[in-house]
Amino acid sequence: MLVYLEQHGQATASELADEFMVTRTLISRNTWRLIQDNLIQSQVNQTDRRIVRLTLTTNSQETVQRSVRQVQENLKTFNQSHDLEKLTKQVETLSQQLAKIN
């Protein structure tokens with residue numbers, strides 16, 4: 001939910017429920033916890049008080065961005081490890097083939 005809000009800027013509980021295919025009640029329960037933890041904030045629409053927009057707090061924006069960067073770095077490392085493993089297998093296969101020739 002935090003990453004979604006970071007990517008989209010803001011959303012209502014109904015929009016989040018639709019996006020994650022869960023009930024609005026579940027979203028409301030989770031957003032209440034996030035508000036208490038100062039990770040998101042709610043903003044009531046001044047012209048229609050039934051509409052409440054949820055946004056990230058400044059603190060959580062930095063946290064989400066840091067987490068996204070860490071995941072991206074982990075994926076790069078994973079790809080490099082996978083590539084190294086693949087290269088190692090290719091070298092072993094080539095060595096075996098060279099051994100048969102000699």
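The values are calculated or read from the model by the stated rules, or taken from the named source; none is laboratory data. Please read these numbers as outputs of a predicted model, since none were measured by experiment. Cβ atoms come from the backbone with ideal geometry, glycine included; neighbour counts cover every protein chain shown. Ligands, DNA and RNA are excluded from the accessible area calculation, which covers all protein heavy atoms including side chains. Shrake-Rupley method; radii C 1.70, N 1.55, O 1.52, S 1.80 Å.
When each of 61, 46 is tested for being within 13 Å of the chain's Cα centre (by Cα) and either surrounded by 10 or more Cβ atoms within 10 Å (Cβ to Cβ) or more than 18 Å from residue 1 (Cα to Cα) (or both), the lone residue that passes is 61. Candidates are the residues of the stretch 26-41 that are part of a helix (DSSP H, G or I) and open to solvent by 90 Å² or more (accessible area, probe 1.4 Å); the one that is farthest from residue 56 (Cα to Cα) is 29.
Applying the set (1) open to solvent by less than 60 Å² (accessible area, probe 1.4 Å); (2) not in a helix (DSSP H, G or I) to residue 53 leaves exactly one unmet item: (1).
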